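Q: Once you've had a glance at the structure underneath, I'll fire off some questions.
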Amino acid sequence: MFAWLFRRLRKPQPAPAQPDPAEELKQKLAETRTDEAPPEPEPEDQEAPLDERRRGVHDRARAAMDDMLGGEHLPGEESE
């Protein structure tokens, strides 16, 4: 009975203060954002007209698809 009363009257010890992991991650993220400069777009791409840039993108995509398919023509393309 005395043990129960003693435990009841004794105040619980506060847990040691630990830094918040979320705050640590936010701080690390902010540091990395300030260290890195945003990449600058290539000036030659901005100077080219839209049609030329679009054509270049499509040509690279077709070449990549041909490489993935082993050089086969895609459906709807004319074979030479």
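Q: Taking the stated definitions as given, is ALA30 of a type in the set (A, V, I, L, M) and at pLDDT below 80? First the steps, then the outcome.
A: Values: of a type in the set (A, V, I, L, M): yes; at pLDDT below 80: no.
Judged against the criteria, ALA30 is not a match.
Q: Let me ask something else. Given (1) at pLDDT 85 or above; (2) exposed (fewer than 10 other Cβ atoms within 10 Å of the Cβ), where does ARG53 come up short, assuming only one miss?
A: Condition (2) is where ARG53 drops out.
Q: Given (1) surrounded by 10 or more Cβ atoms within 10 Å (Cβ to Cβ); (2) modelled with pLDDT under 70; (3) hydrophobic (A, V, I, L, M, F, W, C), identify the lone condition not met by ALA48.
A: Here ALA48 meets the rest and fails (2).
Q: Which condition from (1) surrounded by 10 or more Cβ atoms within 10 Å (Cβ to Cβ); (2) at pLDDT below 90; (3) of a type in the set (D, E, K, R) is the one that ASP20 breaks?
A: (1)
The values are calculated or read from the model by the stated rules, or taken from the named source; none is laboratory data. What you see is a predicted model, and the numbers here were worked out from it, not measured in a lab. In this analysis, Cβ positions are derived from the backbone assuming ideal geometry, glycine residues included, and neighbour counts consider all displayed protein chains.
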